[in-house]
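*Asks:* Before we start, here is the structure in question, set down as structure tokens.
The values are calculated or read from the model by the stated rules, or taken from the named source; none is laboratory data. All values reported here derive from a predicted model rather than from experimental measurement. Note: ideal-geometry Cβ built from the backbone for every residue, glycine included; neighbour counts use all protein chains shown. Just so you know, the surface numbers come from the protein's heavy atoms only, side chains and all, with ligands and any DNA or RNA stripped out. Shrake-Rupley method; radii C 1.70, N 1.55, O 1.52, S 1.80 Å.
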Amino acid sequence: MNSRMPEHVVQLISDGLNDNRKPMKGSRVLLLGVAYKKDIDDVRESPALSIIDRLRAKGAEVHYHDPFVDKLRFDDAHTESSGEPLESVPLSDDELSASDCVVIVTNHSNVDYQRVCRLSSLIVDTRNALNGDVRRESRAKIIRL
């Protein structure tokens, strides 16, 4: 993702929420994957950090799930933001159902994307993780880059 992509992703989230008659402020946004690349634990230069910054600044309630990154600290030298640390949440049915928007930032191999599509109402897929069959069977509105 280039440097403008986090801003574009946040705009797509905002547009999708608006289409569902939900404001960004107070909406629950779940990021799937915060690592820089799939199936690793390195968050340096990850676009997720900027996306989280922008979502928090707009008043969204941000959560994330990443099986490789247990905790994000925003006072580390490799992040551009400050703020409360976030801990990875379990990818439970309740978490998916409670989220106003799910954002696929890093497409880790061990995520059940069919389940994500079945339980979510709005998905922004930044990695083209959802193939044609999964998209066709989804109950969620899916926004792709």
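*Asks:* In this structure, does residue 69 turn out to be open to solvent by less than 30 Å² (accessible area, probe 1.4 Å), part of a loop (DSSP other than H, G, I, E, B) and under 30 Å from residue 133 (Cα atoms)? Before you say what the answer is, go through the steps one by one.
*Replies:* On the way: open to solvent by less than 30 Å² (accessible area, probe 1.4 Å): yes; part of a loop (DSSP other than H, G, I, E, B): yes; under 30 Å from residue 133 (Cα atoms): yes.
Yes, satisfied.
*Asks:* Let me ask something additional. Among 128, 110, which is touching a strand residue (DSSP E or B) at 6+ places or on another chain (Cβ under 7 Å) and surrounded by fewer than 17 Cβ atoms within 10 Å (Cβ to Cβ)? Even if it seems obvious, please write down each step before you answer.
*Replies:* Details: 110 fails: touching a strand residue (DSSP E or B) at 6+ places or on another chain (Cβ under 7 Å).
None of the other options fit; the residue is 128.
*Asks:* Here is a follow-up. Is there a residue in region 72-81 that is closer than 17 Å to residue 122 by Cβ, out of contact with any strand residue (DSSP E or B) (no Cβ under 9 Å at 6 or more places or on another chain) and without any contact (Cβ under 8 Å) to a residue 40 or more places away in the chain? Please lay out each step first, then the result.
*Replies:* Initially, region 72-81 is screened for residues closer than 17 Å to residue 122 by Cβ, giving none.
No, region 72-81 contains no residue that is closer than 17 Å to residue 122 by Cβ, out of contact with any strand residue (DSSP E or B) (no Cβ under 9 Å at 6 or more places or on another chain) and without any contact (Cβ under 8 Å) to a residue 40 or more places away in the chain.
*Asks:* Scan region 96-104 and give yes if some residue there is under 16 Å from residue 36 (Cα atoms), assigned to a loop (DSSP other than H, G, I, E, B) and at pLDDT 95 or above, otherwise no.
*Replies:* Step one: list which residues in region 96-104 are under 16 Å from residue 36 (Cα atoms), which gives 103-104.
Okay, now just the ones that are also assigned to a loop (DSSP other than H, G, I, E, B), so none.
Checked region 96-104: no residue is under 16 Å from residue 36 (Cα atoms), assigned to a loop (DSSP other than H, G, I, E, B) and at pLDDT 95 or above.
*Asks:* Now for a different question. Which residue out of 139, 115, 135 is more than 19 Å from residue 3 (Cα to Cα), at pLDDT 95 or above and among the basic types (Lys, Arg)? Even if it seems obvious, please write down each step before you answer.
*Replies:* Details: 139 fails: at pLDDT 95 or above; 135 fails: at pLDDT 95 or above.
Only one candidate qualifies: 115.
*Asks:* Residue 143 passes all but one of (1) in a loop (DSSP other than H, G, I, E, B); (2) surrounded by fewer than 21 Cβ atoms within 10 Å (Cβ to Cβ); which number fails?
*Replies:* (1) is the only condition that residue 143 fails.
*Asks:* Quick one: in region 1-49, of everything that is open to solvent by 10 Å² or more (accessible area, probe 1.4 Å), part of a loop (DSSP other than H, G, I, E, B) and hydroxyl-bearing (Ser, Thr, Tyr), which residue is nearest to residue 140 (Cα to Cα)?
*Replies:* Among them, the one singled out is 36.
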